[in-house]
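Working notes, structure below.
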Amino acid sequence: IWILMIVIIIGIVFFFFFSSRFSSSLNDSSAQSRPMMWKLAWRAIQAHPWLGVGAGNYALVNREYYNLDVGLRSEVYDKIVHNAYLGVWAESGTFALMGYISMFGAAILNAWSCVRSRSQFISLLGVGVALAIVSICIQMITGTFYMRSITLFVWTLVALAARLPQFEQMQFTST
């Protein structure tokens, strides 16, 4: 119960201190253009639902799916969709999207499976890795990982989540 109270207090403080930042960012042209870019990506997905337009080809073909109901031309075009899920779906198709989501889901479940570990370190590491991947999955709704350092961090977390149960076994078999 104490943890829940602390989370609520932090949430209230966070809301009051940062709510003006979030409301001003919604008026930003970048934030306003993202739904338009998502519509454009959705048109590409509708045209190529199973195999997509080809990995890395979205930036080359997105202009083909533009019309006036998507939004102003100057605000819509970009090299990326600003939604990792739509980006994978548009470029690589439905099966790739299912694999992408499944991979992150499996990583979260694998990391979370270590919560009841006999080792407090492994247990806390499992919680931290699982929650970090959940937060990344939420962030991917409005962004992508096009910076190398962020991409390396994401895949390192996924790899760590995949190996956490083996770390627990190694720790207890070696002692």
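The values are calculated or read from the model by the stated rules, or taken from the named source; none is laboratory data. These numbers come from a predicted model, not from an experiment. So basically every Cβ, Gly included, is an ideal-geometry build from the backbone, and we count neighbours across all protein chains shown. We work out accessible area using only protein heavy atoms, side chains counted, and drop any ligands, DNA or RNA first. Shrake-Rupley method; radii C 1.70, N 1.55, O 1.52, S 1.80 Å.
Points to keep in mind about this one:
- Per-selection metrics, the range 98-147 (Cα): Rg and Dmax in Å: 12.3, 38
- Loop-located trypsin sites (Lys or Arg not before Pro) in the range 113-175 whose Cβ has at most 11 other Cβ within 10 Å (DSSP): Arg116, Arg118
- Taking the protein heavy atoms of the range 100-175 in the context of the full set of protein chains, the accessible area attributed to carbon and sulfur is 68 percent at 1.4 Å.
- Gain on full stretching of the segment that runs from Val115 to Leu60 - 0.36 nm per residue minus C-alpha separation: 15.3 nm
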